[in-house]
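Below is one structure; the comments refer to it alone.
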Amino acid sequence: MAVSRTIFIAGAGIGGLTAALALAQRGFRVVVLEKAERLEEAGAGLQLSPNASQVLINLGLQSRLNSRAIIPDAVSIMSARAGGEIARLPLGEAVSSRAGAPYWVMHRADLQAALQAEVSDNPDIELRLGCQFEDAAPHAKGLTVVQRSGTARRQDVALALVGADGVWSTVRSHLFPQAQPQFSGLIAWRGTFEATQLPREYTSRRVQLWMGPGAHLVAYPISGGRRINVVAVVPGTWNRPGWSEPGEVAEIKNAFAPSQWPPAARMLIGAVDEWRKWALFAVTGLGAWSNGAVALLGDAAHAMLPFAAQGAGMAIEDAAVLAKCLGESRHDEASAIAAAMQRYARLRRPRVARVQRAARQAGRIYHLTGAAAYARDLAIKAMGPQRMLARQDWIYDWRA
């Protein structure tokens, strides 16, 4: 393979596929390595605020996503202490007109399928399934990237390598072996159910955020409104790596006991027949995201708690900025590529760190108990929906 303007990406998740499209749009040839034999759904629902949706629209994905995504009318902030809604933040046209792009909720598999279809249609992108990144070493013309498919090993020379291979990143281990994901002490449970199972007021086109003692619950429609996605976050010690393990129905129901949670919240929990769980890990304080012609993207660089609904959004933003920095590099020499990678990291780190802090703070606020929860509810009511929504402007109004 000729090295000319070829960039390798390890990982075909949302960040990796978005980066492939963004780099191809900038004139690069892209090879995406994915160890899985086929791309499958990991996680269920996904929220994409305007900062992320505008990147996808600029990459030509709107027509593929319009039929898959839902634009919710509002976010309902619900309090277990109060027994119901304490504020309703308008989304829909209110956000689209304000931020210039829609707020979408959708099934993660629908977004991944749309990205994969767009990648498959692009002649400048090659997706190698069942092919795992193994090593990279500097080369006179860039990097030698070593891959493995089964027992066969292959080496290619490339201009650069992007590690978009998730929280347990092999590329990050190669660059910074001392950096390890840290368990948060929290476990996310996810499940879905048919929207017809519950009365319409429980399954309308809105995002429900239930705050309660030591735990919280999020629910919103996916799959064209036919299903409801539910994510419940509770404390725990189980911390097995990975995205999806079977969860016991009785365990999660006990975590949302009637003594602390009202019937409306428990009804959402009870509607799910099959639960999957994953331990929440974070990658913080990584001193560098790049080394020479290798850079990290998305969860590989900054896995975060999902309480700001920005994990996928930050990976999508990373992809846009990385492509812009590499595209604006005037030369393909190793020094110029390394400088572009450093510029990308320098531009992204402060914003991502701020979002990570916001997510951690949100989790603490959601889980307050007693008098602190009472004060929280009063503050939210006093602030009002417009001021609450305006607090998200710094996230939603971002542009690459």
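The values are calculated or read from the model by the stated rules, or taken from the named source; none is laboratory data. Remember, it's a predicted structure, so these values are computed and weren't measured experimentally. Please note: Cβ atoms are built from the backbone with ideal geometry, for glycine as well, and neighbour counts cover all protein chains shown.
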Being in contact (Cβ under 8 Å) with a residue 24 or more places away in the chain, in a helix (DSSP H, G or I) and of a type outside the set (Gly, Ala, Ser) is the filter here; which residues of segment 359-382 pass it? Arg360, Ile365, Tyr366, Tyr374, Arg376, Asp377, Ile380, Lys381
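I'd like to verify a number: residues in segment 291-349 that are outside any helix (DSSP H, G or I), touching a residue at least 60 places away in the same chain (Cβ under 8 Å) and farther than 27 Å from Phe183 by Cα, how many?
Residues of segment 291-349 that are outside any helix (DSSP H, G or I), as a first pass: 291-298, 303-305, 309-310, 328-333.
If we keep only those that are touching a residue at least 60 places away in the same chain (Cβ under 8 Å) as well, we get 291-298, 303, 305, 309-310, 332.
Subset that is farther than 27 Å from Phe183 by Cα: 292-293, 332.
The qualifying residues number 3.
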Could you give every pair whose Cβ atoms fall below 8 Å, whose first residue belongs to segment 130-156 and is in contact (Cβ under 8 Å) with a residue 40 or more places away in the chain, and whose second residue is hydrophobic (A, V, I, L, M, F, W, C) and surrounded by fewer than 16 Cβ atoms within 10 Å (Cβ to Cβ), counting only separations of at least 6 or pairs across chains? Gly130/Ala36; Phe133/Val146; Ala136/Val146; Leu143/Ala137; Asp156/Met1
Spot the failing condition for Val30; the list is (1) under 20 Å from Pro385 (Cα atoms); (2) touching an Asp or Glu at 6+ places or on another chain (Cβ under 8 Å); (3) not in a loop (DSSP other than H, G, I, E, B), and only one is missed. (1)
How many of the residues in segment 286-320 are over 14 Å from the mean Cα position of the chain (by Cα) and more than 10 Å from Met341 (Cα to Cα)? 4
Taking strands (runs of 3 or more DSSP E) that do not extend beyond segment 101-204, which have at least 3 residues that are under 30 Å from Glu245 (Cβ atoms)? 104-107, 125-129, 132-139, 142-149, 182-194
Among the listed residues Gln386, Gln356, identify the single one that is surrounded by 19 or more Cβ atoms within 10 Å (Cβ to Cβ), among the polar types (S, T, N, Q) and in a helix (DSSP H, G or I). Gln356
Anything in segment 205-236 that is farther than 26 Å from Ile70 by Cα, touching a strand residue (DSSP E or B) at 6+ places or on another chain (Cβ under 8 Å) and either among the β-branched types (Val, Ile, Thr) or in a loop (DSSP other than H, G, I, E, B) (or both)? List them, or say none. Gly214, Val234, Gly236
In segment 155-212, which residue that is farther than 25 Å from Gly298 by Cβ and surrounded by 19 or more Cβ atoms within 10 Å (Cβ to Cβ) is modelled with the lowest pLDDT? Thr203
